[in-house]
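> Starting off with a structure, shown below.
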Amino acid sequence: MLTWKRLKWASFTHSTIYLVLLVAWAIPGLHPVEFAFGLAHGLGWFVMCGLMIAALKRRIVNVRLATAVAVLGAVGPFIGSAEFVRQEHARTRRAAA
């Protein structure tokens with residue numbers, strides 16, 4: 001099932017994978033870890049793109065969020081995760097008003 005909450009956690013997972021990749025890249029001698037997490041990041045980005053397209057078609061996410069995750073997520077998945085948080089806070093504020 002494709003839900004907002006599952007997409008948000010998938011985005012956070014992708015961001016965590018990217019963070020580990022950056023740490024492995026920065027520390028000499030971690031080439032196997034760097035390769036594994038680089039592959040996971042690349043494949044994860046493809047998966048996130050597919051999920052965002054499907055979620056956009058089902059109107060689970062808006063174009064801004066889909067763009068943040070799919071387009072900008074290739075180089076910085078943190079942007080997509082941050083956009084999930086931003087939109088969730090906006091939803092909460094609207095619901096409280």
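Bear in mind these aren't lab numbers, they're just calculated from the coordinates by the rules spelled out. These numbers come from a predicted model, not from an experiment. Counting neighbours? That spans all protein chains shown, and the Cβs are built from the backbone with ideal geometry, glycine included.
> Could you identify the single residue in Trp45, Trp25 that is of a type outside the set (Asp, Glu) and either free of Cβ contacts under 8 Å to residues at least 24 places away in the same chain or in contact with a Lys or Arg (Cβ under 9 Å, 6 or more places away or on another chain) (or both)?
Exactly one of Trp45, Trp25 is of a type outside the set (Asp, Glu) and either free of Cβ contacts under 8 Å to residues at least 24 places away in the same chain or in contact with a Lys or Arg (Cβ under 9 Å, 6 or more places away or on another chain) (or both), namely Trp25.
Table: residues versus (1) surrounded by 12 or more Cβ atoms within 10 Å (Cβ to Cβ); (2) farther than 23 Å from Val23 by Cα.
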{"residue": "His41", "(1), (2)": "yes, no"}
{"residue": "Ala55", "(1), (2)": "yes, yes"}
{"residue": "Ala74", "(1), (2)": "yes, no"}
{"residue": "Ala90", "(1), (2)": "no, yes"}
{"residue": "Ala97", "(1), (2)": "no, yes"}
